[in-house]
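Here is the structure we will look at, set down as structure tokens.
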Amino acid sequence: MTNHTSNLTTNHTSKLTMNHTSNHTPGFTSGALVKLELIRSLRNKKFLFFSVMYPAMLFLIIAGGADATTEVGDSGLAMPAFMMVSMASFGALTAVLMGNSERIAKERQSGWVRQLRLTSLPGRGYVLAKTASAAVVSLPSIVVVFVVAALVKDVRLDAWQWLALTGAIWAGSLCFAALGVAVGYLATGDAVRPVTMILYFGLSVLGGLWMPTATFPGWLQSLADWTPTHAYAALGRAIELGDAPHAGDVVLLVAYFAVFAAGAAWLYRKDTLKA
Amino acid sequence: MVHMTTTVTRTAAGGATRTAASAVSFERVTKSYGEVRAVDGLTLDLYPGETVALLGPNGAGKSSTLDLLLGLRRPDSGTVSVFGTSPREAITAGRVGAMLQSGGLMDEVTVRELVRLACALHPRPHRVDEVLAHAGITQLADRKVDKLSGGQQQRVRFALATAGANDLVVLDEPTTGMDVTARQAFWATMREQADQGRAVLFATHYLEEADAIADRVLVLHRGRLLADGTAAEIKAKAGARKVSFDLEELRAGDPDLERRLRELPFLSAVGVFGHTVRLQSTDADATVHALYGLGIYPRNLEVAGLGLEQAFVAITAAEEAKAA
């Protein structure tokens with residue numbers, strides 16, 4: 001009994017000191033997870049290749065032989081400039097969509113998500129850390145395409161345009177990060193890869209990231225106009241033409257973001273209650 | 001009942017009433033999955049400094065109970081509180097460390113990186129090196145988590161559960177996949193945790209672990225608490241003792257003798273193995289008395305108390321019989 005008494009007393013004291021030193025903020029704790037997620041991403045050669053190198057390579061394959069004078073459809077842009085935005089958008093899309101969906105699904109299955117719920121990390125912290133680390137990887141994937149386009153295909157823009165392009169494509173990728181989270185909580189195990197791939201290729205092709213939608217038949221073009229990827233790439237093209245992004249595209253993208261984020265939040269809550 | 005008295009004494013001796021109040025409190029907690037009632041009106045309290053084993057056959061509701069305790073699931077009715085708050089609040093405050101069977105690990109990272117994360121996430125963290133050493137994984141620190149054996153991963157899970165100064169440690173089948181040495185080292189560490197005034201709750205299949213380690217044993221069956229006491233009390237509650245002896249007469253193969261053995265009073269189990277007879281009796285004295293009354297000469301007679309395992313089987317079997 002005496003033993004217990006002393007133990008309880010020390011225990012109590014340590015708790016008191018704890019109260020003084022406890023300045024743990026959720027932001028700080030999520031920061032540790034973001035850091036580790038980043039280390040993992042940078043170690044994953046396959047992921048890095050597909051999100052950072054692959055879009056730049058595709059750009060060279062598609063726009064490599066094109067000249068800088070022929071306009072793509074009625075876009076007002078030549079092939080290199082047109083495809084630069086497409087591929088930068090595609091790269092960012094790859095990083096955030098793939099990074100979120102597959103990993104969340106896999107980690108739900110392995111029980112890591114459950115393990116994290118036994119820490120003081122707030123529930124949202126996991127999703128935020130995933131998205132933040134994906135966003136860090138998506139930035140180089142945008143910049144690498146720009147650098148290749150500028151060096152190899154002599155794409156020239158004003159300084160503000162480069163900055164605005166980077167910012168718009170980066171911010172727009174949030175829409176697909178939310179989609180990735182939703183897919184990660186919707187699909188399980190074996191299903192997540194096919195589901196992600198279908199969405200990924202479907203959105204990329206239909207939204208005109210791989211080839212201009214001007215080459216599509218009329219009915220497909222009108223369908224493509226409503227895809228989030230089409231609106232996403234349109235943000236960048238408006239900036240390349242020296243304009244502000246069109247309100248219609250911004251509204252469409254924000255609407256998609258709202259739908260994806262609401263879906264992700266709903267699926268996340270459902271998953272949490274299921275334990 | 002002895003147990004309750006001890007608790008009260010502890011509370012009084014502790015003086016610090018907040019710490020000595022129950023660490024975990026379940027009040028008429030019910031949880032169903034569809035038709036299946038996993039936890040059925042469970043009421044229990046755990047106190048700081050206790051090492052408590054949670055026993056029960058598969059499907060008894062052990063995992064569901066731990067899930068409710070950790071706030072991973074919400075009860076259909078009743079309340080679960082941990083240190084007077086909700087489970088989630090207690091975890092956020094860094095008072096609870098838990099190691100679940102279903103808890104996965106992040107892959108593609110090293111053991112040290114993962115432990116460092118656990119320390120960073122804990123409001124009252126220990127030093128990373130200490131945590132590694134404590135879990136016995138210092139030598140594994142630079143290995144990739146997904147390259148470890150089952151037992152090694154189990155120790156990493158333990159490290160994650162003890163990354164900070166918790167007041168309650170919850171362990172679900174913690175020694176699964178560990179060899180005997182690792183298991184002993186593990187329990188030595190757990191003992192230290194309890195001696196420091198923490199409450200330790202563990203679910204296990206190894207009854208000898210519960211017998212040797214726990215100072216309180218909870219027997220769960222069909223989501224209800226069947227027994228709550230020290231291992232000795234549980235064994236007494238099973239109320240049975242083992243009687244074993246050899247019988248030369250059985251070598252001759254006398255079917256009538258075997259029938260008469262089965263008719264001895266107070267038997268709860270009978271086993272005849274060659275010429276060896278093993279009985280379980282709720283009143284061993286009366287059984288042995290009647291045995292001699294059969295006019296036979298049993299050799300190597302032994303009367304002994306049940307092991308916890310047998311007591312456990314006896315208690316749950318009695319409950320099954322009641323339910324049927």
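The values are calculated or read from the model by the stated rules, or taken from the named source; none is laboratory data. All of these numbers come straight from a predicted model, not from anything done at the bench. Glycine gets a Cβ as well: all are built from the backbone with ideal geometry, and neighbour counts include every protein chain shown. Note: areas computed on protein heavy atoms with side chains; ligands, DNA, RNA excluded. Shrake-Rupley method; radii C 1.70, N 1.55, O 1.52, S 1.80 Å.
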For the stretch B:98-164, what is the largest minus smallest coordinate of the Cα atoms on each principal axis, given in angstrom and ordered from greatest to least?
29, 25, 19
Which order do the peptides B:97-109, A:62-74, A:256-268 come out in when sorted by mean C-beta neighbours inside 10 angstrom, highest first?
B:97-109, A:256-268, A:62-74
Given labels modelled 7 Å from the Cα in the Cβ direction, how far is it in nm from B:Val272 to A:Arg43?
6.4 nm
Which net charge results when you count Lys and Arg as +1 and Asp and Glu as -1 among the other residues whose beta-carbon is under 10 Å from that of A:Lys130?
-1
Based only on Cα atoms, what Rg/Rh ratio does the protein assembly as shown have, Rh being taken as Kirkwood's radius?
1.14
Average accessible area per residue (Å²) across the protein assembly as shown - probe 1.4 Å, nucleic acids and ligands excluded:
44 Å²
Considering the zone a paramagnetic label at B:Val36 would reach in this model (a point 7 Å from Cα along the Cα-to-Cβ line), which residues of the stretch B:55-76 have amide N under 13 Å from it?
B:58-65
Relative contact order computed over the stretch A:42-274 (Cα-Cα under 8 Å; 6+ residues apart), in percent
25 percent
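So if R0 is 30 Å, what FRET efficiency would B:Ala212 and B:Gln101 give, r being the distance between their Cβ atoms, rounded to the nearest 0.05?
0.90
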extent check for the stretch B:14-132: Cα max minus min per principal axis, descending, whole Å, gives 43, 42, 23
Round to the nearest 0.05 the FRET efficiency obtained for B:Ala21 and B:Asp142 when R0 = 41 Å and r is the Cβ-Cβ distance.
0.45
Send over the per residue convex hull volume for the stretch B:149-248, Cα only, as a whole number of Å³.
159 Å³
Express the carbon and sulfur contribution to the solvent-accessible surface of the stretch B:24-235 as a percent, rounded to the nearest whole number, probe 1.4 angstrom.
48 percent
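Take peptide A:117-127, look around each residue's Cβ out to 10 angstrom, count Cβ atoms belonging to other protein chains, and average those counts. Intermediate results must be reported in sequence, preceding the final value.
Working: counts 8, 16, 16, 14, 6, 2, 1, 0, 1, 0, 0.
Rounded to a whole number, the mean comes out at 6.
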Please build a GNM for chain A, connecting alpha carbons under 10 Å apart, and tell me which residue among A:Ala81, A:Ala164, A:Ala177 fluctuates the most.
A:Ala164
For B:Asp285, the net charge from surrounding residues (Cβ-Cβ under 15 Å; K, R +1; D, E -1) works out to 0
Cα pair distances of the stretch A:42-274 binned at 10 Å [whole percent]:
8, 33, 34, 17, 6, 1
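Calculated from DSSP H runs of 4 or more alone, at -39500 (n - 2.57) each and per residue, what is the 222 nm mean residue ellipticity of chain A, nearest 500? The partial results should precede the final answer.
Values: 12 runs with 210 residues, N = 275.
Value at 222 nm, helices only: -25500 deg cm²/dmol.
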Among the DSSP beta bridges whose two residues both lie in chain B, what percent are antiparallel, rounded to the nearest 5?
70 percent
Roughly what angle does helix A:2-21 make with the longest principal axis of chain A, taking Cα atoms, 0 to 90 degrees, to the nearest 10?
30 degrees
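Give B:Lys235/B:Lys322; B:Lys62/B:Lys242; B:Lys31/B:Lys62; A:Lys46/B:Lys147; A:Lys274/B:Lys31 a once-over and call out the pairs whose C-alpha atoms are over 22 Å from each other. Don't skip to the end; give the middle numbers.
Details: B:Lys235/B:Lys322 19 Å; B:Lys62/B:Lys242 29 Å; B:Lys31/B:Lys62 12 Å; A:Lys46/B:Lys147 19 Å; A:Lys274/B:Lys31 12 Å.
Going by Cα-Cα distance, B:Lys62/B:Lys242 fall outside the 22 Å limit.
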Would you list, by chain and number, the aspartates and glutamates whose Cα falls below 14 Å from the Cα of B:Lys144, excluding same-chain residues fewer than 8 positions away?
B:Asp107, B:Glu108, B:Glu113
Put a dot 7 Å past each Cα toward the Cβ at A:Ala214 and A:Trp160; how far apart are the dots in nm?
2.7 nm
Normalised by the residues of chain B, what does the relative contact order come to in percent, with Cα pairs under 8 Å and at least six apart?
18 percent
Shielding by partners for A:103-111, please: the mean number of other protein chain Cβ atoms within 10 Å of each residue's Cβ.
3
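Please state the relative contact order of the stretch B:240-305 as a whole percent: Cα pairs under 8 Å, 6+ residues apart?
For the stretch B:240-305, the relative contact order is 50 percent.
Say R0 is 41 Å: what FRET efficiency, to the nearest 0.05, do B:Arg259 and B:His205 get from their beta-carbon distance? Could you put the intermediate results ahead of the total?
Values: r = 36 Å, r/R0 = 0.89.
It comes out at approximately 0.65.
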Computed for A with B: buried accessible area summed over both chains, 1.4 Å probe, rounded to 100 Å², at 3900 Å²
Taking square-rooted eigenvalues a ≥ b ≥ c of the alpha carbon gyration tensor, is the stretch A:165-256 rounded, prolate or oblate, where a/c under 1.5 means rounded and, failing that, a/b exceeding b/c means prolate?
oblate
The protein assembly as shown - share of DSSP beta bridges that are antiparallel (%, nearest 5)
70 percent
Normalised Cα Rg of the stretch B:219-324, dividing by 2.2 N^0.38 Å with N its residue count, works out at 1.19
When the Kirkwood hydrodynamic radius is evaluated over all pairs of different C-alpha atoms of chain B, what value in angstrom, to one decimal, is obtained?
21.9 Å
